[in-house]
């Protein structure tokens with residue numbers, strides 16, 4: 001994810017049936033009982049980070065914001081000395097960054113890597129390019145993962161990329177430009193041996209019309225066209241180096257009913273070739289323009305990790321069912337889903353750091369088969385955990401969180417039992433645009449044909465006709481129109497999951513991509529609550545599905561006929577056989593107030609605990625049992641004066657502080673502050 005300058009960006013959440021905060025039982029002492037049972041190994045690759053790589057070639061020469069990344073790597077690179085900035089390296093090491101992703105999010109859609117290599121005189125505004133990023137990785141001893149363009153380049157361009165990175169300097173397996181020789185001339189004669197490559201970034205939403213142009217705005221990829229492109233690119237890359245690992249992009253439609261969506265289509269068509277699958281996780285909702293109070297924001301936000309866990313568990317199950325083998329997941333972006341600045345930028349708040357701490361505990365679960373994961377993102381721009389172009393750098397709560405994990409992780413995961421209060425509730429909340437597919441259970445009835453008439457709002461450059469049998473025909477000659485002007489409104493029940501399906505066919509080839517959108521009957525402007533279906537891009541009838549969970553006070557749904565976002569040019573599409581089917585929401589049950597991770601250092605025998613306290617207010621007395629003979633126990637806690645506390649004006653507002661631990665006969669005792677993350681080291 002990225003919110004470039006200026007930008008309107010897609011926000012994605014993993015939350016859906018979210019619940020108010022009310023403990024089911026008394027808020028007494030919590031207990032953690034330790035065990036020597038080994039449940040897996042600690043995968044520190046989930047502490048990875050994103051490093052932005054803006055392409056400067058197509059930007060205005062005076063765009064200082066772009067140049068800060070294309071010349072200085074967002075603060076990591078000294079272009080005069082051609083070396084990494086030592087202070088930034090130290091911050092990354094202290095945050096445990098073992099893997100780095102570049103060039104990152106939506107700036108990668110049309111990122112032409114060939115313009116970031118070679119002599120600096122040929123790239124005067126791209127001093128931080130591919131070789132410089134890899135030099136940074138070598139300095140950190142961090143594993144690189146490269147995000148390849150999904151809306152630029154042919155398969156041979158990515159075969160050339162592998163040649164540049166991994167072929168011996170005296171070989172030219174692809175013919176044409178000797179890219180391995182270019183690498184040697186860039187100062188690295190030996191092959192880099194890069195292994196990890198992403199075939200795109202959030203490819204389902206398309207490129208952005210005002211950003212990083214490499215040519216005319218391309219058509220948005222359908223799941224079928226993306227999968228075909230993936231197979232061609234992967235084959236071309238592995239023809240140069242069979243050892244590379246190429247990942248395919250999943251969508252945000254992970255649910256127990258992967259019917260016809262992006263993820264199922266991509267999975268079915270790439271399962272034999274994909275080395276890993278890519279998922280992004282952003283959780284939470286601050287209300288319309290940040291209107292919700294902080295306690296309401298994080299009542300919801302602190303539930304999202306469990307939903308994230310359920311989504312990843314489902315993804316693994318579906319991969320096994322469809323692919324017939326284990327294929328790992330890479331969560332190459334994760335963070336809170338808060339993109340607002342008022343009343344405070346929640347993305348930089350203590351509450352969001354606590355929420356991310358929960359995400360990391362999920363990512364460390366061995367059963368979820370996570371190869372690596374990357375916080376979005378390390379330095380500066382809209383989301384950075386570090387801010388500032390020069391020393392002294394500002395450390396935001398998320399940096400302290402990553403430092404705490406880096407400090408309080410062993411190498412072996414141990415089982416533990418946590419007893420604590422739990423919270424539960426009943427009201428689901430709206431989710432940010434556009435995707436938050438809810439978990440849903442079994443259908444509670446058949447698919448019912450929608451017989452309400454299409455309501456058509458006249459608009460210049462469009463001929464829309466409601467046909468017989470409740471069908472719709474739309475012909476668009478206004479090439480830049482975002483079409484949503486035909487709708488059907490139907491009754492609905494609150495807090496209910498609906499699957500709305502339709503047959504769609506299109507004309508005009510790749511410029512024709514149509515879909516339906518389903519949302520609250522009061523409209524987007526009032527509720528900001530809607531979901532989109534997969535797209536149809538064929539002269540043959542294609543069945544599409546949109547899943548939508550109604551709000552607590554909903555009484556109706558509105559179904560919109562839409563041209564797929566970003567599609568340009570004249571087009572025609574038809575919609576027929578619209579049906580609606582009701583499903584039961586899945587109840588994940590009450591959420592524990594504490595989340596606990598226990599690990600051991602196999603060399604020293606030291607035991608480490610990381611405890612996430614989701615309570616909004618009041619301290620939590622904690623006893624840790626079956627610790628054994630304790631020589632010493634020390635702890636640090638990430639906390640602050642409030643959920644919404646940031647370090648934007650006071651750098652010491654949210655930091656790591658010592659926390660007293662009392663060694664008792666039967667274990668340890670301590671007091672956990674509310675909305676906090678605590679790390680404990682036990683020497684036995």
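Report note on the peptides 658-666, 71-79: ranked by the mean count of other C-beta atoms within 10 Å, highest first, their order is 71-79, 658-666.
For region 440-585, the average shadow cast by the Cα convex hull is 8.2 nm², which is a quarter of the hull's surface.
For region 440-585, averaging the sequence separation of C-alpha pairs within contact (under 8 Å, six or more residues apart) and dividing by the residue count gives a relative contact order of 39 percent. Compactness ratio for region 626-684: Cα radius of gyration over 2.2 N^0.38 Å (N = residue count) comes to 1.36. Here the sum of -39500 (n - 2.57) over DSSP H runs of 4 or more residues, divided by the residues of the chain, equals -6000 deg cm²/dmol at 222 nm, to the nearest 500. Cα-based radius of gyration for region 85-243, normalised by 2.2 N^0.38 Å, reads 1.05.
Across the chain, the convex hull enclosing all Cα atoms gives 155 Å³ per residue. Computed over the chain, relative contact order equals 17 percent, with contacts defined as Cα pairs under 8 Å that lie 6+ residues apart.
Here each label is just a point 7 Å from Cα along the line to Cβ, and for residue 552 and residue 289 those points are 2.3 nm apart.
Label zone (residue 619, point 7 Å along Cα-to-C-beta; backbone nitrogen cut-off 13 Å) within region 390-407: none. What the pair-distance distribution of region 447-521 shows, using all Cα-Cα distances binned every 10 Å from zero, is 14, 49, 29, 8 percent. Here the simple spin-label model places points 7 Å from the Cα toward Cβ, and for residue 172 and residue 629 these points are separated by 7.0 nm. Extending 7 Å from the Cα toward the beta-carbon at both residue 468 and residue 447 defines two label points whose distance is 2.3 nm.
Each value in this text was obtained by applying a stated rule to the coordinates, not by laboratory testing. Nothing here was measured: the structure is a model prediction, and the numbers come from that model. Neighbour counts run over all protein chains shown; Cβ positions are idealised from the backbone, glycine included.
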